[in-house]
1. How many of the residues making up the stretch 126-165 are in contact with a Lys or Arg (Cβ under 9 Å, 6 or more places away or on another chain) and closer than 13 Å to residue 187 by Cα?
2. Scan the stretch 264-276 and tell me whether some residue there is buried (at least 22 other Cβ atoms within 10 Å of the Cβ) and in a helix (DSSP H, G or I).
3. Could you tell me whether residue 321 is under 23 Å from residue 464 (Cβ atoms), in a loop (DSSP other than H, G, I, E, B) and open to solvent by less than 20 Å² (accessible area, probe 1.4 Å)?
4. Of all the residues that make up the stretch 88-111, how many are acidic (Asp, Glu) and either over 21 Å from residue 163 (Cα atoms) or open to solvent by 70 Å² or more (accessible area, probe 1.4 Å) (or both)?
5. Can we say residue 71 is among the basic types (Lys, Arg), modelled with pLDDT of 95 or more and open to solvent by 30 Å² or more (accessible area, probe 1.4 Å)?
6. Out of 314, 339, report the one residue that is open to solvent by 10 Å² or more (accessible area, probe 1.4 Å), among the β-branched types (Val, Ile, Thr) and under 14 Å from residue 161 (Cβ atoms).
7. Filtering the stretch 363-405 down to residues that are in contact with a strand residue (DSSP E or B) (Cβ under 9 Å, 6 or more places away or on another chain) and among the hydroxyl-bearing types (Ser, Thr, Tyr), which residue is modelled with the lowest pLDDT?
8. Out of 47, 39, which single residue is aliphatic (A, V, I, L, M), in contact with a Ser or Thr (Cβ under 9 Å, 6 or more places away or on another chain) and under 23 Å from residue 357 (Cβ atoms)?
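The values are calculated or read from the model by the stated rules, or taken from the named source; none is laboratory data. Here the structure is a predicted model, which means the values were calculated and not measured. Note: ideal-geometry Cβ built from the backbone for every residue, glycine included; neighbour counts use all protein chains shown. Keep in mind that these areas ignore ligands, DNA and RNA; they rest on the heavy atoms of the full protein, side chains included. Shrake-Rupley method; radii C 1.70, N 1.55, O 1.52, S 1.80 Å.
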Amino acid sequence: MKPYDKSPLQDITTTSSDFNEIRDEGFLLVDKTARINDLIRESRIFLSRPRRFGKSLLLSTINELFTNGVKNFEGLAIHDVWQQERYPVVKLSFFGLSDPTTLERKLCDRLRESFAGAGFDAAFDIAPQSNTISALTTRLNYLRGQQKIVLLINEWDFPLSSHLNDRAAFEKNKEILNQFYAWIRDLANIKFLLVTGITRYQETSLFTGQTVTDISMDPRFADLLGYTQDEVEDYFAEHIKEAAARLKISTDELCHKLAVYYDGFCFDYKAKLRLYCPISINKFFKQVVDTPAEVPTFGYYWMESSNTAQALRTFLARVRLKSDFIDQVQGSGVELSQTDISSANSYESINFKALLVQTGYLSIDSIKNPDEVSQDDRICCCKFPNLEVKQRYVNILLRYLTGAYEKSSQSSWFTENAERLKAALLQQNMEQVVVALNLFLRALPYDVWSNAPEMFYRTCIAWSLICSLRDDVQQETQNNKGRSDLEFNAGNYHYVVELKRFVPNQGQEKDREQVRGDLRLLADKAQQQVYERGYGFNAQVGVELPRLGLALVVSTESRQIDYWRYFNGDGVIAEGMVEPISMKNPPQLDAPDTKVQD
């Protein structure tokens, strides 16, 4: 076999978070060390970031600085300014510690190993009888004496976040963590303490009082983790050129597409700075290095590498979502005070919206009242940070709402219907498009429809299209005359969807033709609105494609699409009335054409 050719571009790691390994192997490293001196001055700090944002690499970098100085930092910003002495560094990770029956023992084992690794070799000689937090920490205090140490703790919240649906396990682990962090709070002679994690929980001693400063939303450290736009364009300049050439687009077009897919995370209470998730950028450009003959693809790299899908399903199991929340997520954004976002949770009062922000599913998009004097009174509008998160989140949430996660047998219909919807769109079979959309709508539980406005129908239809097309669907796209309901690309066409809601007259009997006439009038209104307001022509969508219009009339009675009309600039192409799908009226489905699937 011929040897596998690799690109001459600088290699990128997507698996290692060890600073020395990255330097020794010559992997591309975005230099964040300029922020570390400022970090050290804070003394005792907590930093929250979603998974795969570089927390472990930051801890590894700080560990190397305090352990060996700057000998491996040649060419990096901190090389000539680092003036700290060397100190023993105790590194501890809670990742994988979740079982309440073994948590205390395993934590004690890791503490012994961490202290021994920091140079306190006698930690290994502490008797196994000291396998309680109280007994072991007493011995470790004696062993350390007056020696100052650096303490780095990663994934502090893992034992709690693993049991959001098991109160007994959550409370047991909380008791153990409470003892551990009470010890941390009372430790003297700590040169520097950094605790990292994803979420905040009350009653674990970590957030009691003012001992530990939370810098998670501090603008000074907003760019400590994650890549800025300038960093992506600078450090990955050659990779961008190569990727653009393979995709046969300009570098500006590629940068725009990267921003749409992976930019948009914000960890700044002023909402000034946007960041890329490092794992998404690294994985995208690693394709360019590893497979020089292939065209790179825009994948769901953060969602797939961080187990965030399973975590989201765990969160969803604890809540019952209403239509107003779903509308906010897809539309103007979920509103949260900055206090909500930074507050610690208890098992009983987990703020689901705030949890979505802390874990990265939503991110601060703007401040509703930026002139508010008090920072805590400012209201943040939080949205999907980018297309990668939006597509995967929508798929998970729609499956949850339609019950496709409850039984494995129920997940097949969802996938098949999504494929059928995509195939029908590409074949321009609008009757089957409507049938597939109605199948999704029919599967939604009754309680989420309570007082649902037209916006809710629009959101559910948009999410169905996103799950099927695996591409974005713009909601309320604006031009100078108004806002279209939905716009998306499918095949070689740009679709403009206008929805109208049909409210049957209560107590007034009408025959089928009278109802059809009412529905047609609403379809007429939707079609005319598209024409008069020029929907489909704006700066946000691909206007170079020919436009096709789709008027959908949804009924508050059936909670499905009762009438559809398909048209272009010359007039109506096809239209029809739809019988609501029910047990007595099963859908007449065409088999999905696998030739047009991804």
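1. 5
2. Looking for residues that are buried (at least 22 other Cβ atoms within 10 Å of the Cβ) and in a helix (DSSP H, G or I), one finds none in the stretch 264-276, hence no.
3. Numbers: under 23 Å from residue 464 (Cβ atoms): yes; in a loop (DSSP other than H, G, I, E, B): yes; open to solvent by less than 20 Å² (accessible area, probe 1.4 Å): yes.
So residue 321 fits the description; yes.
4. First pass over the stretch 88-111, keeping only residues acidic (Asp, Glu): 99, 104, 109.
Filter once more, so that each one left must be either over 21 Å from residue 163 (Cα atoms) or open to solvent by 70 Å² or more (accessible area, probe 1.4 Å) (or both): 109.
Count: 1.
5. On the way: among the basic types (Lys, Arg): yes; modelled with pLDDT of 95 or more: no; open to solvent by 30 Å² or more (accessible area, probe 1.4 Å): yes.
Spelling it out, it is not the case that residue 71 is among the basic types (Lys, Arg), modelled with pLDDT of 95 or more and open to solvent by 30 Å² or more (accessible area, probe 1.4 Å).
6. Values: 339 fails: under 14 Å from residue 161 (Cβ atoms).
Of the residues listed, the single one that is open to solvent by 10 Å² or more (accessible area, probe 1.4 Å), among the β-branched types (Val, Ile, Thr) and under 14 Å from residue 161 (Cβ atoms) is 314.
7. Filtering the stretch 363-405 down to residues in contact with a strand residue (DSSP E or B) (Cβ under 9 Å, 6 or more places away or on another chain) leaves 363-369, 372, 376-386, 389-390.
So of that shortlist, the ones also among the hydroxyl-bearing types (Ser, Thr, Tyr) come out as 363, 366.
Numbers: 363: 94, 366: 91.
The qualifying residue modelled with the lowest pLDDT is 366.
8. On the way: 39 fails: in contact with a Ser or Thr (Cβ under 9 Å, 6 or more places away or on another chain).
From the options 47, 39, the qualifying one is 47.
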